[in-house]
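Single-structure report; data block below.
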Amino acid sequence: MEEENEESSMQFHEMELDDRILKAIAKLGWQSPTLIQEKAIPLLLEGKDVLVRARTGSGKTAAFSIPVIQKIIQVKQTAKHQEVKALLLAPSKELCQQITSVIKDLTANCSRDVKCIDIAPNVDLKTQKPLLVEKPDIVVSTPARALLHLKAGNLNLKESLDLMVIDEADLIFSFGYEKEIKEIMDFLPKIYQAILASATLSPDVKSLKSLVLNNPVILKLEEPDLAPSSQLSHYLLMAEELDKATIIYSLLKLHLIRGKTIIFVNTVDKCYKLKLYLEQFGIRTCVLNSELPATIRCHSVHQFNQGVYDIIVASDEKSLEQPGLPVTKRKLSKTKRRKDKESGVSRGIDFQCVSNVINFDFPLDVDSYVHRAGRTARGKNQGSVLSFVNLLEKEYLDKVDEHLQKIHSESSVFKTYQFKLDEVEAFKYRAQDAWKAVTRIAVREARLKEIKTEIFNCSKLKTYFNDNPNDLTVLRHDKALHTVRLQQHLTDVPEYIIPPTLKNLAGITTRKNKRTYPVKGDLSSAKHQMKKSNPLLSMQFDGIKKKKK
Ligand code: AMP
């Protein structure tokens with residue numbers, strides 16, 4: 001068995017990939033391979049079985065998808081028949097959907113030659129059968145769905161399969177798919193190339209390894225659990241609760257934060273408090289917390305990724321991953337997951353192109369900070385974390401700081417975010433009123449209202465959306481909840497309250513005949529600019545520092 005751990009710096013164009021794949025990669029804006037891609041792609045192209053351990057966000061989906069596509073393109077140059085060449089298994093429907101979407105992006109220029117279908121959705125087998133009759137080159141599925149089709153004779157791999165990938169392999173076992181995987185093996189040919197990707201190398205993964213891999217190369221990439229500080233900036237702002245409220249309102253309303261943003265708080269109540277607070281200023285947000293059904297959460301993330309909305313307010317990251325379980329039991333309990341084992345997971349679910357993570361509440365432990373921060377700066381993208389810290393939270397900050405110093409081997413990575421509160425005095429008055437207006441009763445009502453609406457969306461309309469999937473796009477999760485009285489004047493930003501130095505910044509230009517600054521148009525222009533600008537700079541409130549007298 002080989003172990004591979006050496007450094008190299010191969011670029012995509014040096015990997016002998018088909019031009020159409022290279023063009024698709026360029027279109028995705030990926031300038032160079034991530035570490036895992038650099039290591040895994042050449043090995044997989046050589047035909048080796050590989051076990052990859054890599055953290056979520058490391059680019060592992062493309063690390064196995066690119067060689068799968070390349071191999072199919074090559075084989076098809078001489079193939080006489082259309083056949084299913086690759087089977088990609090993942091533990092949840094959402095992950096299958098995500099993998100399929102990466103493959104669709106990568107095959108955008110060769111979609112006639114490389115066809116991929118996702119059979120994970122829970123529709124009638126008969127409905128999916130015609131798709132399989134066409135023998136797509138790549139089939140993506142959960143183990144259970146693949147097995148059903150194999151048993152029904154809709155999918156025949158014995159003579160045709162060249163490649164099998166199992167993604168999030170550690171979850172395959174914890175979701176109780178062991179039996180299915182073993183049964184699937186009986187339907188596979190004797191020889192095929194296999195790839196296992198996993199965030200951990202647990203004993204379960206090791207047993208899966210001996211079941212499906214043959215003399216594999218093991219890629220144990222010693223990646224730090226967070227991107228380096230050159231890619232991921234950590235900002236810090238000392239502020240008490242009401243000041244936090246003023247700052248977030250000013251930052252969002254003045255477009256000092258650009259790009260997609262996740263704001264984290266520590267409780268579900270706070271999620272709604274912040275949503276209702278921002279709602280008063282006409283700032284729409286989508287709430288994500290462990291109370292909402294998993295399918296709704298995944299749909300919200302999907303829409304966020306598609307750019308339907310830019311701001312998510314989320315309660316603690318861990319409770320989002322495995323809802324409803326106390327932290328200590330999350331890893332152990334399998335019964336809860338079995339209820340709907342194909343949709344209860346959000347590990348590996350990718351919040352795409354998140355530029356900023358804001359800790360409105362500072363996380364209560366180092367792990368949570370790492371989880372939250374890991375939602376940005378994924379792949380090779382830049383990202384920023386801005387943490388608001390009050391006096392009580394300082395002790396948690398110190399622990400995180402200590403941890404980051406250790407993993408980055410440098411002195412504190414936290415930079416102070418420049419924000420002069422006295423420059424936004426007028427914002428402060430509005431903020432105080434709006435913050436106080438969100439009473440406990442309003443929060444409770446909002447929670448109930450949201451959960452009722454979402455459960456209605458989820459169950460009553462399920463059949464409808466199954467039949468009319470396109471209509472799902474109009475189902476929004478960032479609607480105003482209106483449990484706080486709306487004061488129209490708060491949604492505008494009158495010119496006189498904008499700090500003078502900021503008036504010249506993008507999106508806040510002075511307009512003749514207009515004294516207020518509606519958000520909608522400006523947000524999109526900010527978003528447009530974001531594509532060009534570096535999110536690292538987008539959070540800096542330098543304008544005020546450079547104020548001329
Ligand atoms: P994954 O670990 O596969 O979930 O990928 C995490 C994120 O990284 C996804 O949003 C990808 O679009 C992005 N990504 C993957 N490869 C690259 C790359 N070479 N350069 C930049 N971003 C990438």
Q: Could you identify the single residue in Lys23, Lys39, Lys48 that is out of contact with any helix residue (DSSP H, G or I) (no Cβ under 7 Å at 6 or more places or on another chain), modelled with pLDDT of 95 or more and within 15 Å of the ligand (Cβ to nearest atom)?
A: Lys23
(Q) Condition first: free of Cβ contacts under 8 Å to residues at least 60 places away in the same chain, crowded, with 18+ Cβ neighbours inside 10 Å and among the charged types (D, E, K, R). Now tell me which residues in region 193-247 satisfy that. (A) none
Q: Quick one: in region 51-91, of everything that is hydroxyl-bearing (Ser, Thr, Tyr) and in contact with a helix residue (DSSP H, G or I) (Cβ under 8 Å, 6 or more places away or on another chain), which residue is farthest from the ligand (Cβ to nearest atom)?
A: Ser65
Q) Pairs, please: C-beta under 7 Å, at least 6 apart or cross-chain, first residue in the same structural domain as His403 (by TED's automatic domain parsing) and in region 362-377, second among the hydrophobic types (A, V, I, L, M, F, W, C) and in a loop (DSSP other than H, G, I, E, B)? A) Val370/Leu226; Ala373/Leu226; Gly374/Leu226; Arg375/Phe351; Ala377/Ala227
Q. Within region 419-449, restricting attention to residues that are in contact with a helix residue (DSSP H, G or I) (Cβ under 7 Å, 6 or more places away or on another chain) and among the charged types (D, E, K, R), which residue is nearest to Val268 (Cα to Cα)?
A. Arg447
**Q.** Residues of region 295-330 classified as at pLDDT 65 or above and either not polar (S, T, N, Q) or not assigned by TED's automatic domain parsing to the domain that holds Arg447 (or both), total
**A.** 15
Q.
Checking Tyr396 against (1) out of contact with any strand residue (DSSP E or B) (no Cβ under 9 Å at 6 or more places or on another chain); (2) free of Cβ contacts under 8 Å to residues at least 40 places away in the same chain, only one condition comes out false. Which one?
A. (1)
Q: Name every residue in region 374-392 that is crowded, with 20+ Cβ neighbours inside 10 Å and either at pLDDT below 90 or part of a loop (DSSP other than H, G, I, E, B) (or both), in order of residue number.
A: Gly374, Arg375, Thr376, Ala377, Arg378, Gly379
Q) Restricting the search to region 156-188, which residues are over 12 Å from Ala86 (Cα atoms), assigned to a loop (DSSP other than H, G, I, E, B) and not charged (D, E, K, R)? A) Phe175, Gly176, Tyr177, Phe187
(Q) Give me the residue from region 378-393 that is farther than 25 Å from Leu35 by Cβ and touching a residue at least 40 places away in the same chain (Cβ under 8 Å) and, out of that set, nearest to the ligand (Cβ to nearest atom). (A) Leu386
Q. Inside region 281-291, can you point out the residues that are out of contact with any His (no Cβ under 8 Å at 6 or more places or on another chain) and surrounded by fewer than 23 Cβ atoms within 10 Å (Cβ to Cβ)?
A. Phe281, Gly282, Ile283, Arg284, Ser290, Glu291
**Q.** Counted residues, region 58-107 - those being modelled with pLDDT under 95, part of a loop (DSSP other than H, G, I, E, B) and within 19 Å of Leu22 (Cβ to Cβ)
**A.** 2
Q.
When you scan region 255-262, do you find a residue that is at negative phi and in a helix (DSSP H, G or I), even just one?
A. no
Q: From (1) in a loop (DSSP other than H, G, I, E, B); (2) within 12 Å of the ligand (Cβ to nearest atom); (3) at pLDDT 95 or above, pick out the condition that doesn't hold for Leu17.
A: (2)
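The values are calculated or read from the model by the stated rules, or taken from the named source; none is laboratory data. Nothing here was measured: the structure is a model prediction, and the numbers come from that model. Note: ideal-geometry Cβ built from the backbone for every residue, glycine included; neighbour counts use all protein chains shown.
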